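Visitor: Below is the structure I would like to discuss, written out as structure tokens.
The values are calculated or read from the model by the stated rules, or taken from the named source; none is laboratory data. Bear in mind the structure is a predicted one, so any value in this text is a computation, not a measurement. As a convention, Cβ positions derive from the backbone with ideal geometry for all residues, glycine included, and neighbour counts pool all protein chains shown.
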Amino acid sequence: MKIKQGKMRILLACADESLLKQTKQLMQASNELELVGSTSNGTKAWEMIRQKTPDMVVLDTDLPYADGFAVASWMRQKAMWDTSIILLSSFIGGQTYVECSLLHINVLLRKPICADALYERIKLAVNCTSRGDTVEQRLAQILRELGMREQTIGYQCALLTVCLYRETDGASITKIIYHSVAQQMNSEGSNVERNMRYAVHRAWDKCDKAVLARYFGEARAQDREPPSNREFCAALVEYLRQEACRL
């Protein structure tokens, strides 16, 4: 995502009128964010997105006339890859994760959610992109620092798995995430798990202990036993979260 000078420009599209009103009030008082529009109508949201080209959009899967997935799909079809998307959904299951992954949804949040919590997640998402890189680009940099080579299958499996683990707030890695990654790679979940595990083990054996300590902590870096794939994902997601808070 390309960051513009000044405040981040946000557009809100929520079916819940109360949530929309309260979140608008919080954003209008913010020194970091600029609210460029709000609506509870899906087709209106799409019109506003095309007119105002916001940096970030909050979409609701319960929007009338065009739901959040439809609007996100239109955005990606029009090559709006620089616009981050936060998706609100009252139902989160395996297919939801697959669709979010295919549409490059940046953050998936479960409803109901209060305005304060939504506002904090918006600010966190903004901080994650304030470097001028996407989270995926930052994660790719970390994996390279850990010694994973971009041309390997293990690197691709690790990159997609950690990204999806972050986007879904730690969904089941075995029941949901491997399956979703496998669909993207035209493979099987067991292959994703095995290739990522090999890449993690190799990185743990070859990487400098100081680099491991930076991302996993001093004590864990001294452990000869490499982390599980889930532990690897959780540690990097937490590092990215803390890094965003420091910015």
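Visitor: Of the residues Ala15, Ala45, only one is at pLDDT 95 or above, hydrophobic (A, V, I, L, M, F, W, C), in a loop (DSSP other than H, G, I, E, B) and assigned by TED's automatic domain parsing to the domain that holds Ala72; which?
Guide: Numbers: Ala45 fails: in a loop (DSSP other than H, G, I, E, B).
Every option except Ala15 fails the conditions.
Visitor: With (1) crowded, with 16+ Cβ neighbours inside 10 Å; (2) within 21 Å of the chain's Cα centre (by Cα); (3) farther than 14 Å from Arg144 by Cα; (4) not charged (D, E, K, R) as the list, and Gln242 as the residue in question, which single condition is left unmet?
Guide: (1)
Visitor: Restricting attention to the stretch 94-113, does a residue exist that is in a loop (DSSP other than H, G, I, E, B), over 16 Å from the mean Cα position of the chain (by Cα) and farther than 16 Å from Glu167 by Cα?
Guide: Filtering the stretch 94-113 down to residues in a loop (DSSP other than H, G, I, E, B) leaves 103-106, 111-113.
Now restrict to residues that are over 16 Å from the mean Cα position of the chain (by Cα): 111-113.
From what's left, farther than 16 Å from Glu167 by Cα: 112-113.
Yes, the stretch 94-113 contains a residue that is in a loop (DSSP other than H, G, I, E, B), over 16 Å from the mean Cα position of the chain (by Cα) and farther than 16 Å from Glu167 by Cα.
Visitor: What's the total number of residues in the stretch 200-247 that are farther than 16 Å from Leu164 by Cβ, assigned to a helix (DSSP H, G or I) and of a type in the set (Gly, Ala, Ser)?
Guide: 6
Visitor: Please go through (1) β-branched (Val, Ile, Thr); (2) touching a helix residue (DSSP H, G or I) at 6+ places or on another chain (Cβ under 8 Å); (3) without any contact (Cβ under 8 Å) to a residue 60 or more places away in the chain for Thr168 and return the number of the only condition it doesn't satisfy.
Guide: Of the numbered conditions (1) β-branched (Val, Ile, Thr); (2) touching a helix residue (DSSP H, G or I) at 6+ places or on another chain (Cβ under 8 Å); (3) without any contact (Cβ under 8 Å) to a residue 60 or more places away in the chain, the odd one out for Thr168 is (3).
Visitor: Being surrounded by 14 or more Cβ atoms within 10 Å (Cβ to Cβ) and hydrophobic (A, V, I, L, M, F, W, C) is the filter; apply it to the stretch 19-35 and report the residue that is nearest to the chain's Cα centre (by Cα).
Guide: Leu33
Visitor: Would you point out which residue out of Gln51, Gln77 is surrounded by fewer than 17 Cβ atoms within 10 Å (Cβ to Cβ) and either touching a Ser or Thr at 6+ places or on another chain (Cβ under 9 Å) or modelled with pLDDT under 95 (or both)?
Guide: Gln77
Visitor: Going through the stretch 147-177 one residue at a time, which ones are assigned to a helix (DSSP H, G or I) and hydrophobic (A, V, I, L, M, F, W, C)?
Guide: Within the stretch 147-177, Ile153, Cys157, Ala158, Leu159, Leu160, Val162, Cys163, Leu164, Ile173, Ile176, Ile177 qualify.
Visitor: Also, quick follow-up: Please work out if Lys111 is touching a residue at least 60 places away in the same chain (Cβ under 8 Å) and surrounded by fewer than 20 Cβ atoms within 10 Å (Cβ to Cβ).
Guide: Numbers: touching a residue at least 60 places away in the same chain (Cβ under 8 Å): yes; surrounded by fewer than 20 Cβ atoms within 10 Å (Cβ to Cβ): yes.
In short, yes.
Visitor: Sort out which residues of the stretch 114-146 are modelled with pLDDT under 80 and either part of a loop (DSSP other than H, G, I, E, B) or of a type in the set (S, T, N, Q) (or both), and write them in order of number.
Guide: Within the stretch 114-146, Asn127, Thr129, Ser130, Arg131, Gly132, Asp133, Thr134, Gln137 meet the criteria.
Visitor: Which count do you get for residues in the stretch 75-93 that are assigned to a helix (DSSP H, G or I) and under 14 Å from Met56 (Cα atoms)?
Guide: 2
Visitor: If we keep just the residues of the stretch 36-47 that are under 15 Å from Asp60 (Cα atoms) and among the β-branched types (Val, Ile, Thr), which is surrounded by the most Cβ atoms within 10 Å (Cβ to Cβ)?
Guide: Taking the candidates together, the pick is Thr39.
Visitor: Out of (1) outside the structural domain of Glu238 (by TED's automatic domain parsing); (2) surrounded by fewer than 18 Cβ atoms within 10 Å (Cβ to Cβ); (3) of a type in the set (A, V, I, L, M), the odd one out for Leu118 is which?
Guide: (2)
Visitor: On to the next question. Would you mind stating whether Gly147 is surrounded by fewer than 18 Cβ atoms within 10 Å (Cβ to Cβ), on the phi > 0 side of the Ramachandran plot and under 18 Å from the mean Cα position of the chain (by Cα)?
Guide: No: the conditions fail for Gly147.
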